[in-house]
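Here the structure is laid out as structure tokens; the discussion comes afterwards.
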Amino acid sequence: MYTQAIDLKPGAEPTAATPAPGERERAFEAAIADDRRIEPQDWMPEGYRKTLVRQISQHAHSEVVGMLPEGNWVTRAPSLRRKAILLAKIQDEGGHGLYLYAAAETLGVSREDLVDALHAGKAKYSSIFNYPTLTWADMGAIGWLVDGAAIMNQVPLCRCSYGPYARAMIRICKEESFHQRQGFDIMLALCRGTPAQKAMAQDALDRWWWPVVMMFGPSDSESIHSAQTMRWGIKRLSNDELRQRFIDATVPQAELLGLRIPDPELRWNEARGHHDHGPIDWSEFWRVIEGDGPCNRERLAARVQALENGAWVREAALAHAARHAGTGSREAA
Ligand code: BYC
């Protein structure tokens, strides 16, 4: 694990080697104002560090929990090619979780503690992964819509003020782009298929649309963190701005597929240059993130079970490392 710059103890006198009071704060604020990256060894306000740990760890948890709804379809993919693609995508998501846990660890927290917080129900993960995957078309809808929303949210995070997070996001976004395209490709195949296949694609869109629209988080007026995280250059665009961009980008894609977005109030607003949309059911959103969505209990139970099932691997790896270290010291002696 990386270490953090060491803070002065309260009351400690500055010496020639230590910055004058306020200097660290000014250096931090100047870096933010100049759009320079903050790195793990740089001084940062405690609120900035905590915000990053919260957001990056929630993001990591989302990637790992996000493997579960798709994992449900690995054994039932309709062809070997589709199965290989789905497996590669799910593996990428595990990898994204690892980059993100590593980025969070640069802020002085341990992955074990972050995972414990998830399993104890204290840390959040994306609301979207608490919905079930009922048909193969859901693999298409997740790739097209969920990964599409993820790209919209994550491309601006490549310019996040915190270096390790921004760098992790660059690689993740490249992979998300493939994920989105494979999802759209599944939808396209279904929409060009039999009427029953097209109906399956429409049903998936009907079920995923509103949860995906909610994925961007509460409206700006309700978002408790946005103002500060945007001031710190962590988030570059607000929840509502990203939601609007996603809707504007997705409407023509749905038209190309010949599918109907399940929002009777959705229409182009010439004056705004954007689509207007119908009201979002925020009571559903809050219910899901507070733990009462259709699959919350199942998802957490699966993660806890996975940790328990893997205990013997971790124990064996530690025993092997200890024996190896012992051999090394005997050889050295
Ligand atoms: N789900 O003040 P706000 C993926 C919480 S992975 C659950 O606006 P903020 C993918 C929020 O945490 C997708 N909770 O917060 C993976 C806060 O609660 P706390 C994950 C949500 O942080 C596999 C409270 O509501 N992407 O795409 O400024 C396969 C108030 O919200 C949600 C990321 O994590 C939600 N949807 O903005 C396929 C991206 N929304 O923490 C795909 C990085 C809000 O005070 N994260 N909350 O208890 C972000 O960009 C921001 O954290 C958010 C929320 C936009 C999510």
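The values are calculated or read from the model by the stated rules, or taken from the named source; none is laboratory data. Computed from a prediction, not measured in an experiment: that's the story for all the values here. Here the Cβ is made from the backbone with ideal geometry for all residues, glycine too, and neighbour counts use every protein chain on show. Surface accessibility is based on the protein's heavy atoms, side chains included, excluding ligands, DNA and RNA. Shrake-Rupley method; radii C 1.70, N 1.55, O 1.52, S 1.80 Å.
Computed values, structure above
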quantity: Answer from 233, 193 - the residue that is at positive phi and outside any helix (DSSP H, G or I); calculated: 233
quantity: Residue 288 being of a type outside the set (Gly, Ala, Ser) and over 19 Å from the mean Cα position of the chain (by Cα); calculated: no
quantity: Condition broken by residue 261, with the remaining ones in (1) part of a helix (DSSP H, G or I); (2) touching a Phe, Trp or Tyr at 6+ places or on another chain (Cβ under 7 Å) satisfied; calculated: (1)
quantity: Subset tally (residues that are more than 19 Å from residue 213 (Cβ to Cβ) and near the ligand (Cβ under 8 Å from one of its atoms)) for region 136-178; calculated: 1
quantity: Scan of region 76-118 for residues that are part of a helix (DSSP H, G or I), more than 28 Å from residue 136 (Cβ to Cβ) and over 17 Å from the mean Cα position of the chain (by Cα), ordered by number; calculated: 112, 113, 116
quantity: Region 49-61, residues that are touching a Ser or Thr at 6+ places or on another chain (Cβ under 9 Å) and either part of a loop (DSSP other than H, G, I, E, B) or surrounded by fewer than 22 Cβ atoms within 10 Å (Cβ to Cβ) (or both); calculated: 51, 55, 58
quantity: Residues that are surrounded by 22 or more Cβ atoms within 10 Å (Cβ to Cβ) and under 24 Å from residue 284 (Cβ atoms), drawn from region 218-245; calculated: 235, 243
quantity: Failed condition for residue 288, given (1) open to solvent by less than 60 Å² (accessible area, probe 1.4 Å); (2) part of a loop (DSSP other than H, G, I, E, B); (3) under 20 Å from residue 222 (Cβ atoms); calculated: (2)
quantity: Qualifying residue in region 142-152 (condition: open to solvent by 30 Å² or more (accessible area, probe 1.4 Å) and part of a helix (DSSP H, G or I)); calculated: yes
quantity: Every residue from region 91-110 that is of a type outside the set (Gly, Ala, Ser) and crowded, with 17+ Cβ neighbours inside 10 Å; calculated: 92, 93, 96, 99, 100, 101, 105, 106, 107, 109
quantity: Residue match in region 285-294 (condition: more than 16 Å from the ligand (Cβ to nearest atom) and touching a helix residue (DSSP H, G or I) at 6+ places or on another chain (Cβ under 8 Å)); calculated: no
quantity: Flag if residue 150 is within 30 Å of residue 39 (Cβ to Cβ) and small (Gly, Ala, Ser); calculated: yes
quantity: Test: residue in region 66-84 that is of a type in the set (Phe, Trp, Tyr), open to solvent by less than 20 Å² (accessible area, probe 1.4 Å) and touching a residue at least 24 places away in the same chain (Cβ under 8 Å); calculated: no
